[in-house]
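The values are calculated or read from the model by the stated rules, or taken from the named source; none is laboratory data. Quick caveat: nothing in here was measured; it's all calculated off a predicted structure. Here Cβ is always computed from backbone atoms with ideal geometry, including for glycine, and neighbour counts include all displayed protein chains.
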Amino acid sequence: MKRRAKIIVLALVSFSLIFINTVGAQKKNRAARIDDAALRRADERAGEWITHGRNYAETRFSSLSKITAQNVSSLGLAWSFDTETNRGLEATPIITDGVLYTTGSWSVVFALDARTGKLLWKWDPEVPREYGRKACCDVVNRGVAVYGGRVYVGTIDGRLAALDARTGKPVWQVVTVDQNNSYTITGAPRVVKGKVIIGNGGGEYGVRGYVSAYDAATGKLVWRFYTVPGDPSKPFESPAMERAAKTWTGEWWKVGGGGTVWDSMAYDAELDLLYIGTGNGSPWNWQVRSPGGGDNLYLSSILALRPDTGQMVWHYQTTPGDTWDYTATQHIILADLQIGGRQRKVLMQAPKNGFFYVLDRATGELISAEPYVEISWAKEVDKKTARPVENPGARYKDAPAILKPGPLGGHNWQPMSFNPQTGLVYIPAQDTIGAYLADRKFQFRPGAWNTGVDFSLLKDAPPGLPPGHLLAWDPVAQKERWRVGYKSMWNSGLLTTAGNLVFQGTADGRFVAYSADRGEKLWEFNVGIGVLGSPVTYEIDGVQYVSVMAGWGGAFALIGGNAIADMPVQRVGRVLTFTLGAKQSLPDAPKQNLAMPAPIEFKASAETIDAGAGVFAQWCAVCHGIGAVGGGVLPDLRYSQPGIYNKFSEIVLDGTFAGVGMPGFKKWITRDEAEAIRVFLLKRRADLASGK
């Protein structure tokens, strides 16, 4: 009897060990189950969010419906996680098997328990802080890709890294750019057919754009597609580049060309086409970049590529001969719509230039294009030629031009969303204006801000916020269905769900839910800081959650000046997660109390101060704000300690503070110009102290 009992006990122990090992192996390999088939069928994983735009079509629509228009009013904070950063947070989290993967500023990666927000691991790529100079629009990152047990991320200094999804330890890293040039990576990678697709930024700094595909297992480069032609005296990399070169003039390759692929992508598995959006010209000013004219392919374009080879199948250029920074890198959405009595496979985009485009995604044929915001640079898009009809004077060749939209666009990087139940596209739209003046003294400066535009027109920003709005757009009728106005532009990306909901964060520090059909506000939560990151939703153990990243930053937050002086800015970054019935409170954020600065005596002529204002506008405002009015992300220079002004030349010219992100500019700014900037700042400091 004892022997029999012993055998039973041993059998039970053996079974338990086998069970534990089996469960452990399953848990260990869960992340590995994100493969090509899973990505193609991402919508079937309703409780997860396994790729950047929710699915390859990038619709950002979730079929989850436990949170609805009827009960969303009981939504509360379930947990928050402090990223310990104070720069912009723009990532879309990825959630699979109970883990939330996301990124913060400086390309730091976090893995969190999606139920509780507990940190599982963190990977810091330790980007040298001097790379902040190369990032036109803040040291942001828009997220990761998860595939085959690994987490893939691009870093601000141009690396692509594969991390072990369980531990966060690097498996491989490759440098995807020439780090001697001013390339950066801020966009989220995508994985298509075992290849990690990544682009880069740097269009303001004189670089040539391209997109690359790397083997997900090894990090080996599979293909690279350049978006603009290089030196025509050398062999072209592809027939597409040879065709494109015919649309350029002058010596564009010496000033970069531009066309960087810094954000949007989508993939149609049935057509086997990868869609990418390309950026502005480098320099912006067409007359400088291509003085004899030309469309300058493939700037500001949507390209369809074969993901196996990078071969281009078709292109559509939204802004021929772009001269306004009207990128087409904005969010691309794929859908099947009933148009003109038949089902059409379409691609939709609302790029910076203000027109909403619907294209046939098999051929690139223009189906329709109509303004979704106020436009003054063009009259319309001609349906026969598929080209915009420009208004006279828009190219600012002989005189300044004040145009809508401005360089920040009618829609920027913040993703829009498509709800197949309402048939509407929800756009984070904004009413922007731009002042363009040709820089008559332009000289190309490698590694510097090269636009060919004279920003001395922007010596100060008018008070008052450029407005933004949540726009519900009918892509078939090409008409607005409803809108919700905001007091400021630069609001977050969008999420829509089967619960008849649309979620969006706002620049003035709120997270809001609206009914998807009518735009009725149903719920809001005071975050206390501008929200840029795009919301996601997921479900664990029958509980639906909604997550978003909150952290103020990006281009508008850096350059806005007086327009954003009164924004609710806290120097904190957080992941916020909500569910029904939760009642957690936000932890207190550190207060940023700036004492009124005492004036510092200085002597300078009005001409010198004005010259300093012009140099500041050209070189410094992009980070420190128009008119030297900081937006709360980087230091407001008017409040600097007196010792800063005493060492001003060393800081500005020699790069004394390069280790914290303030580079030296002695290659581009003279000592007299640095002194003019100094006295301009002292004048602005005195104005602040006197209440001007």
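Residues in region 594-609: is at least one over 30 Å from residue 529 (Cβ atoms), within 32 Å of the chain's Cα centre (by Cα) and among the aliphatic types (A, V, I, L, M)? Working first, answer last.
Pass one, region 594-609, residues over 30 Å from residue 529 (Cβ atoms): 599-609.
Among the residues that remain, those that are also within 32 Å of the chain's Cα centre (by Cα) are: none.
No, region 594-609 contains no residue that is over 30 Å from residue 529 (Cβ atoms), within 32 Å of the chain's Cα centre (by Cα) and among the aliphatic types (A, V, I, L, M).
Kindly indicate whether residue 435 is modelled with pLDDT under 95 and part of a strand (DSSP E or B). Break it down stepwise before answering.
Values: modelled with pLDDT under 95: yes; part of a strand (DSSP E or B): yes.
The answer is yes for residue 435.
Please give the number of the condition residue 46 fails out of (1) small (Gly, Ala, Ser); (2) within 21 Å of residue 500 (Cβ to Cβ); (3) part of a strand (DSSP E or B).
(3)
Is it the case, given these coordinates, that residue 80 is within 22 Å of residue 571 (Cβ to Cβ) and surrounded by fewer than 24 Cβ atoms within 10 Å (Cβ to Cβ)?
On the way: within 22 Å of residue 571 (Cβ to Cβ): yes; surrounded by fewer than 24 Cβ atoms within 10 Å (Cβ to Cβ): yes.
Spelling it out, residue 80 is indeed within 22 Å of residue 571 (Cβ to Cβ) and surrounded by fewer than 24 Cβ atoms within 10 Å (Cβ to Cβ).
In the set 295, 272, 308, which member is of a type in the set (Asp, Glu) and farther than 23 Å from residue 242 by Cβ? First the steps, then the outcome.
On the way: 295 fails: farther than 23 Å from residue 242 by Cβ; 308 fails: farther than 23 Å from residue 242 by Cβ.
On inspection, the qualifying residue turns out to be 272.
Taking region 331-354 as the region of interest, how many residues are out of contact with any strand residue (DSSP E or B) (no Cβ under 6 Å at 6 or more places or on another chain), within 24 Å of residue 423 (Cβ to Cβ), touching a residue at least 60 places away in the same chain (Cβ under 8 Å) and assigned to a loop (DSSP other than H, G, I, E, B)?
Of the residues in region 331-354, 2 are out of contact with any strand residue (DSSP E or B) (no Cβ under 6 Å at 6 or more places or on another chain), within 24 Å of residue 423 (Cβ to Cβ), touching a residue at least 60 places away in the same chain (Cβ under 8 Å) and assigned to a loop (DSSP other than H, G, I, E, B).
Counting only residues that are over 14 Å from the mean Cα position of the chain (by Cα) and among the small types (Gly, Ala, Ser), which one in region 406-422 is surrounded by the fewest Cβ atoms within 10 Å (Cβ to Cβ)? Full working, then the answer.
Residues of region 406-422 that are over 14 Å from the mean Cα position of the chain (by Cα), as a first pass: 406-407, 410, 417-422.
Subsequent filtering for residues that are among the small types (Gly, Ala, Ser) retains 406, 410, 417.
Details: 406: 21, 410: 28, 417: 29.
Residue satisfying both the conditions and the ranking: 406.
Here are some residues: 295, 263, 215, 268. Which one is acidic (Asp, Glu) and without any contact (Cβ under 8 Å) to a residue 40 or more places away in the chain? First the steps, then the outcome.
Values: 295 fails: without any contact (Cβ under 8 Å) to a residue 40 or more places away in the chain; 263 fails: without any contact (Cβ under 8 Å) to a residue 40 or more places away in the chain; 268 fails: without any contact (Cβ under 8 Å) to a residue 40 or more places away in the chain.
After ruling out the rest, the residue left standing is 215.
Go through the residues of region 468-477 one by one and say whether even a single one is crowded, with 23+ Cβ neighbours inside 10 Å, touching a residue at least 60 places away in the same chain (Cβ under 8 Å), not in a loop (DSSP other than H, G, I, E, B) and not basic (Lys, Arg).
yes
Could you tell me which residue of region 372-404 is nearest to the chain's Cα centre (by Cα), considering only residues that are part of a loop (DSSP other than H, G, I, E, B) and among the acidic types (Asp, Glu)?
Step one: filter region 372-404 for residues part of a loop (DSSP other than H, G, I, E, B), giving 372-377, 382-387, 391-400, 404.
The next check asks that each one be among the acidic types (Asp, Glu); those that pass are 374, 382, 398.
On the way: 374: 23, 382: 30, 398: 33 Å.
Among residues in region 372-404 that are part of a loop (DSSP other than H, G, I, E, B) and among the acidic types (Asp, Glu), the one nearest to the chain's Cα centre (by Cα) is 374.
Might you let me know whether region 252-271 holds any residue that is β-branched (Val, Ile, Thr), closer than 21 Å to residue 145 by Cβ and surrounded by 24 or more Cβ atoms within 10 Å (Cβ to Cβ)? Please lay out each step first, then the result.
The initial filter retains those residues of region 252-271 that are β-branched (Val, Ile, Thr), namely 255, 260-261.
Okay, now just the ones that are also closer than 21 Å to residue 145 by Cβ, so 260-261.
Of the ones still in play, those that are also surrounded by 24 or more Cβ atoms within 10 Å (Cβ to Cβ) are 260-261.
Yes, region 252-271 contains a residue that is β-branched (Val, Ile, Thr), closer than 21 Å to residue 145 by Cβ and surrounded by 24 or more Cβ atoms within 10 Å (Cβ to Cβ).
Among the candidates 373, 358, single out the residue that is under 19 Å from residue 59 (Cα atoms) and at pLDDT 95 or above.
Details: 373 fails: under 19 Å from residue 59 (Cα atoms).
None of the others qualify; the one that does is 358.
Would you mind listing the strands (runs of 3 or more DSSP E) fully within region 58-141 where at least 3 residues are modelled with pLDDT of 95 or more and of a type outside the set (A, V, I, L, M)? Working first, answer last.
On the way: elements: 75-82, 94-96, 99-103, 109-113, 119-123.
Ranges flagged: 75-82, 99-103, 119-123.
Six or more apart or on different chains, Cβ atoms under 8 Å: show the pairs whose first residue is in region 152-163 and crowded, with 24+ Cβ neighbours inside 10 Å and modelled with pLDDT under 95 and whose second is aromatic (Phe, Trp, Tyr) and part of a strand (DSSP E or B).
Close Cβ pairs satisfying both conditions: none exist.
In this structure, is residue 516 touching a helix residue (DSSP H, G or I) at 6+ places or on another chain (Cβ under 9 Å) and either farther than 22 Å from residue 419 by Cα or crowded, with 19+ Cβ neighbours inside 10 Å (or both)? Break it down stepwise before answering.
Details: touching a helix residue (DSSP H, G or I) at 6+ places or on another chain (Cβ under 9 Å): no; either farther than 22 Å from residue 419 by Cα or crowded, with 19+ Cβ neighbours inside 10 Å (or both): yes.
When the stated conditions are applied, residue 516 does not pass them.
Tell me the strands (runs of 3 or more DSSP E) entirely within region 253-317 that contain at least 2 residues that are within 21 Å of the chain's Cα centre (by Cα).
Details: elements: 265-268, 273-277, 301-305, 312-317.
Of the strands (runs of 3 or more DSSP E) lying wholly inside region 253-317, those with at least 2 residues that are within 21 Å of the chain's Cα centre (by Cα) span 265-268, 273-277, 301-305.
Among 599, 590, which is the only one that is at pLDDT 75 or above, in contact with a Lys or Arg (Cβ under 7 Å, 6 or more places away or on another chain) and more than 26 Å from residue 94 (Cα to Cα)? Explain how you work it out, then say what you get.
Values: 590 fails: at pLDDT 75 or above.
Result: 599 is the single residue among 599, 590 that is at pLDDT 75 or above, in contact with a Lys or Arg (Cβ under 7 Å, 6 or more places away or on another chain) and more than 26 Å from residue 94 (Cα to Cα).
From the list 437, 495, 457, which one is crowded, with 24+ Cβ neighbours inside 10 Å and of a type in the set (A, V, I, L, M)?
Numbers: 437 fails: crowded, with 24+ Cβ neighbours inside 10 Å; 457 fails: crowded, with 24+ Cβ neighbours inside 10 Å.
The unique qualifying residue is 495.
Would you mention how many residues in region 147-198 are over 22 Å from residue 329 (Cα atoms) and assigned to a strand (DSSP E or B)? Steps first, please.
If we filter region 147-198 for residues that are over 22 Å from residue 329 (Cα atoms), which is where we start, we get 147-151, 161-175, 179-180, 193-194.
Filter once more, keeping what is assigned to a strand (DSSP E or B): 147, 150-151, 161-164, 170-175.
Selection size over region 147-198: 13.
Inside region 156-183, can you point out the residues that are at positive phi and within 21 Å of the chain's Cα centre (by Cα)? Don't jump to the end; show me each part of the working.
Of all residues in region 156-183, those at positive phi come to 158, 168.
158, the sole residue that qualifies.
If I filter region 316-330 for residues that are surrounded by fewer than 20 Cβ atoms within 10 Å (Cβ to Cβ) and among the polar types (S, T, N, Q), do I get at least one hit?
No; the residues of region 316-330 include none that is surrounded by fewer than 20 Cβ atoms within 10 Å (Cβ to Cβ) and among the polar types (S, T, N, Q).
Whether any residue in region 220-232 is in contact with a Cys (Cβ under 9 Å, 6 or more places away or on another chain) and either of a type in the set (A, V, I, L, M) or under 15 Å from residue 159 (Cβ atoms) (or both) is what I want to check.
Residues of region 220-232 in contact with a Cys (Cβ under 9 Å, 6 or more places away or on another chain): none.
No, there is no match, as no residue in region 220-232 is in contact with a Cys (Cβ under 9 Å, 6 or more places away or on another chain) and either of a type in the set (A, V, I, L, M) or under 15 Å from residue 159 (Cβ atoms) (or both).
Looking for something outside any helix (DSSP H, G or I) and surrounded by fewer than 19 Cβ atoms within 10 Å (Cβ to Cβ) - is there at least one such residue anywhere in region 624-636? Steps first, answer last, please.
Restricting attention to region 624-636, the residues satisfying the condition of being outside any helix (DSSP H, G or I) are 625, 629-636.
Still in the list and also surrounded by fewer than 19 Cβ atoms within 10 Å (Cβ to Cβ): 635.
Yes - at least one qualifying residue is present in region 624-636.
Which residues, taken from region 218-229, are surrounded by 15 or more Cβ atoms within 10 Å (Cβ to Cβ) and over 14 Å from residue 299 (Cβ atoms)? Give the derivation first.
Filtering region 218-229 down to residues surrounded by 15 or more Cβ atoms within 10 Å (Cβ to Cβ) leaves 219, 222-223, 225-229.
Within region 218-229, 219, 222, 223, 225 meet the criteria.
Which one of the conditions (1) crowded, with 20+ Cβ neighbours inside 10 Å; (2) over 23 Å from the mean Cα position of the chain (by Cα) does residue 134 fail to meet, given that it meets all the rest?
Failing condition for residue 134: (2).
Only residues in region 613-637 that are touching a residue at least 24 places away in the same chain (Cβ under 8 Å) and under 18 Å from residue 448 (Cβ atoms) count as the first member; pair them with residues that are of a type in the set (Ser, Thr, Tyr) and surrounded by fewer than 24 Cβ atoms within 10 Å (Cβ to Cβ), Cβ under 6 angstrom, at least 6 apart or cross-chain, and list the lot.
If the second residue must be of a type in the set (Ser, Thr, Tyr) and surrounded by fewer than 24 Cβ atoms within 10 Å (Cβ to Cβ), the pairs left are 614/456; 617/456.
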